[in-house]
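The values are calculated or read from the model by the stated rules, or taken from the named source; none is laboratory data. For clarity, every value in this text was computed on a predicted model and none was experimentally measured. Cβ placement follows ideal geometry from the backbone for every residue including glycine, while neighbour counts extend to all protein chains displayed.
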């Protein structure tokens, strides 16, 4: 299991801008996540804030993602996030078009291209099955389906809106047989994870369910049970 | 001269998203800048990309600025730049509203407030004397006047449009007697720096003039001559 | 009282995108407003949607405002709002930077300039006293102070947050002695109007308080009492 | 030939914010376009600025399009363009995501839905064949492929980049067999129109080629020759 191992099923943990996962706490949380993942033989990645990517990447071996890149090339772009900069800091991939950082359609295609050229894997997010298929056309490595109304709700997409996941899987597959499909929003238990995998997802995207948990390790151990149950 | 020493006159070097100042090259350039600044007793800061702030801050003692922060508080803000995150990475301050990353007026006021609460010094940019006075009302630590049409042009604002600098100084002073005033755009020589200080600026903001130079050290040494000439 | 009469005190009614004030209903409401204004000798203007400006302007003599213009000049700007187009349709002025359509600082200055060149009066909105002073520096015809949290609340800024109005008046006056100052947010009664004028406002900006009222005429008649009480 | 006749092939003329097509000149140009279209039995529509839709719609019988709508529903949305407002003014349809007014992916899907509910036909623009297929998934009435680098260039997409048109037709058809496909950018002659139709487009989108022409009627007559040549 190394920095570019995204083999199935994949668990990506988005740190957002939570103070619980900022600075040293981003490094500490990443270490805990790596330990649970190693003990349970689960593929996992973390997406800390830009300023924390370099520190996290030196402290753990699991893949480190940016939460966003800008659709730019090197040059006079003060205050923007360059794919090459994420890569130089030790990043392995990036989220694109998260519902909290949505992009213009034209910039999604550009960002996927820039990321690939810089050697970053891409996870493009979409909130509906139609948009999941649309972003799959830009040929990212992974598509993540996340209905925005369930994000942070504690009500798992895989339980509350299973048809969104299964429709997305079907519609994405119809236009792109290769892309990996994640799902997310409201996932807090191993059963939620298991339900997602049963619906055809090849992994899950989670944030507050882990980051804001009293004991993130316990949540992660429970998630791993969901992965194992599916693999039996 | 330490991490929070912005005493006059101040030289702030914006690395933008130039490859010449990305990753290890951001650290190397910062070290060179620090050496010249120490040898010449000039106050200097650097503004690398977000992903490079932590590494640069561990390698140099001079102030490290972000190039931008988002007008957010900790929470569910995937892909945004939190003031507290910049601070935790070792940042001392931040640019706000650079002409390549302009903000809504309402977000300038919010960003200045968030930065202050997080312990970051603020340099708010403006392209005209009217807007320089407008942003000075939000009470940042510094205002930087930069006519966008001269940025990266090699034609120094202090030589080409001296009246923009002097008008800005006058108009900013009329509404805020305390804020430090920088100027920038097109500055490439010590004479440009000297001209800026003569017009009432208390420092300069520079980017390509240093970062894209064949020998940044030589440009910096020349800048220092401008500072010394003014101090005589 | 004609199309360019904004003499004091001024009442500007923003139709937003309410169905109650769309299409023919925008024309009908404008006629009612004009009738009450004439009967009570109060200066009033209306701000319908872009598509309704021309029809409203042919049916009433009171000033008609756009709700926004884009910071553009004539040319290849598909889907944008050109100041000259508003003027050609019979518009007399425009709102700029309303809290539901906030602009980048740099675009506020441009929009005020473009509006003036096209012959449109300008009402630039701001949500705090600091920002009210900041926009006053761009020299619009009027500044409208509207705390966003009170908009549509039914709790009048002039009663709930009188210090915001009086501080804004003081701070705006300090940088621009000529600009007219309106206030708005939550105003629904003549007493709210009277309180606003007592605090130093020269007019009020109102939307749902009139547009969503069961009988807009009755609200307007009550507003006129507030104006008269102040003028006694 | 009436207000909702978009039968093949279709010619849509975008007035952008050209002064040559603002206010009375928008009405005059629309009349000329209608006359040529009637004489030559060609289906044509015009897309004037928002403020001109109502006047144009009362003066001509051909379909009138907005150049953009915002992804909003009726309510407190000052300065935005409501689909219902375009419809109430006499509009029959709207452009969405023109390269000069690009939208977030999520807002394209919303805008197509809002337009349909308000009774507006939709023409969603895209600059590449990948994005043409992506927007076709949102099920608009028409997709318009326009490589941004050729817009206003006088070099016709159908001559300079025929593979973009044919690839777009193929990729759009693979995901949506029903949507009408237009192409545009740089079209100035009947031969350009003919080439577009030969490549599989069912119509063309044009702007400066007509609006900025010395004699728009002559250009239109030439376009009609292209349509006839194809229909032989």
Inset, instruction - Check whether at least one residue in region B:30-44 is touching a residue at least 40 places away in the same chain (Cβ under 8 Å), crowded, with 23+ Cβ neighbours inside 10 Å and either within 14 Å of chain A (Cβ to nearest Cβ) or within 13 Å of residue B:91 (Cβ to Cβ) (or both), and report yes or no. - result: no
Legend entry - Which numbered condition residue D:14 misses (of (1) surrounded by fewer than 24 Cβ atoms within 10 Å (Cβ to Cβ); (2) in contact (Cβ under 8 Å) with a residue 60 or more places away in the chain; (3) within 13 Å of chain C (Cβ to nearest Cβ)): (1)
Inset, instruction - Please work out which one of (1) in contact with a strand residue (DSSP E or B) (Cβ under 8 Å, 6 or more places away or on another chain); (2) within 10 Å of chain A (Cβ to nearest Cβ); (3) under 25 Å from residue C:109 (Cα atoms); (4) crowded, with 21+ Cβ neighbours inside 10 Å is the condition residue B:81 fails and give its number. - result: (3)
Legend entry - Number of the exception - residue D:68 against (1) more than 19 Å from residue D:203 (Cα to Cα); (2) touching a strand residue (DSSP E or B) at 6+ places or on another chain (Cβ under 8 Å); (3) within 13 Å of another protein chain (Cβ to nearest Cβ); (4) not in a loop (DSSP other than H, G, I, E, B): (4)
Inset, instruction - Just one of (1) part of a helix (DSSP H, G or I); (2) within 15 Å of the chain's Cα centre (by Cα); (3) farther than 25 Å from residue B:18 by Cβ trips up residue B:196, so point out which. - result: (3)
Inset, instruction - Could you identify the single residue in C:99, C:121 that is touching a residue at least 60 places away in the same chain (Cβ under 8 Å) and surrounded by fewer than 24 Cβ atoms within 10 Å (Cβ to Cβ)? - result: C:121
Legend entry - Test: residue in region D:165-181 that is within 14 Å of chain C (Cβ to nearest Cβ) and under 30 Å from residue D:90 (Cα atoms): no
Inset, instruction - Might you let me know whether region A:211-221 holds any residue that is surrounded by 20 or more Cβ atoms within 10 Å (Cβ to Cβ) and part of a loop (DSSP other than H, G, I, E, B)? - result: no
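Let's see how each residue does on (1) more than 15 Å from residue A:42 (Cα to Cα); (2) modelled with pLDDT under 95; (3) more than 16 Å from the chain's Cα centre (by Cα); (4) in a helix (DSSP H, G or I):
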{"residue": "A:165", "(1), (2), (3), (4)": "yes, yes, no, yes"}
{"residue": "A:181", "(1), (2), (3), (4)": "yes, no, no, no"}
{"residue": "A:186", "(1), (2), (3), (4)": "yes, yes, no, no"}
{"residue": "A:209", "(1), (2), (3), (4)": "yes, yes, no, yes"}
{"residue": "A:229", "(1), (2), (3), (4)": "no, yes, yes, yes"}
Legend entry - In region C:167-179, the residues that are modelled with pLDDT of 95 or more and within 18 Å of the chain's Cα centre (by Cα): C:168, C:169, C:172, C:179
Inset, instruction - Could you tell me whether any residue of region B:168-185 is within 19 Å of residue C:108 (Cβ to Cβ) and in contact with a strand residue (DSSP E or B) (Cβ under 6 Å, 6 or more places away or on another chain)? - result: yes
Legend entry - Selection from region D:167-177 of residues that are outside any helix (DSSP H, G or I) and free of Cβ contacts under 8 Å to residues at least 12 places away in the same chain: D:177
Inset, instruction - With the condition kept exactly as written, say whether any residue in region C:142-149 is touching a helix residue (DSSP H, G or I) at 6+ places or on another chain (Cβ under 6 Å) and either crowded, with 24+ Cβ neighbours inside 10 Å or not in a loop (DSSP other than H, G, I, E, B) (or both). - result: yes
Legend entry - Tally, over region D:133-153, of residues that are away from every other protein chain (no Cβ under 13 Å) and farther than 21 Å from residue D:108 by Cβ: 0
Legend entry - Residue satisfying all of: in region B:28-65; farther than 17 Å from residue B:203 by Cα and in a loop (DSSP other than H, G, I, E, B); nearest to the chain's Cα centre (by Cα) among these: B:48
Inset, instruction - Sort through C:117, C:146, C:100 and tell me the only one that's under 26 Å from residue C:82 (Cβ atoms) and modelled with pLDDT under 95. - result: C:146
Inset, instruction - Out of the residues in region C:86-132 that are away from chain D (no Cβ under 13 Å) and assigned to a strand (DSSP E or B), state the one that is nearest to residue C:185 (Cα to Cα). - result: C:126
Inset, instruction - Could you check residue A:75 against (1) surrounded by fewer than 24 Cβ atoms within 10 Å (Cβ to Cβ); (2) closer than 30 Å to residue D:129 by Cα; (3) touching a residue at least 24 places away in the same chain (Cβ under 8 Å) and say which number it fails? - result: (3)
Legend entry - Any chance residue B:191 is closer than 16 Å to residue B:155 by Cβ and over 14 Å from the mean Cα position of the chain (by Cα): yes
Inset, instruction - May I ask you to verify whether residue D:76 is farther than 20 Å from residue C:70 by Cα and either more than 9 Å from every other protein chain (Cβ to nearest Cβ) or in contact with a helix residue (DSSP H, G or I) (Cβ under 9 Å, 6 or more places away or on another chain) (or both)? - result: no
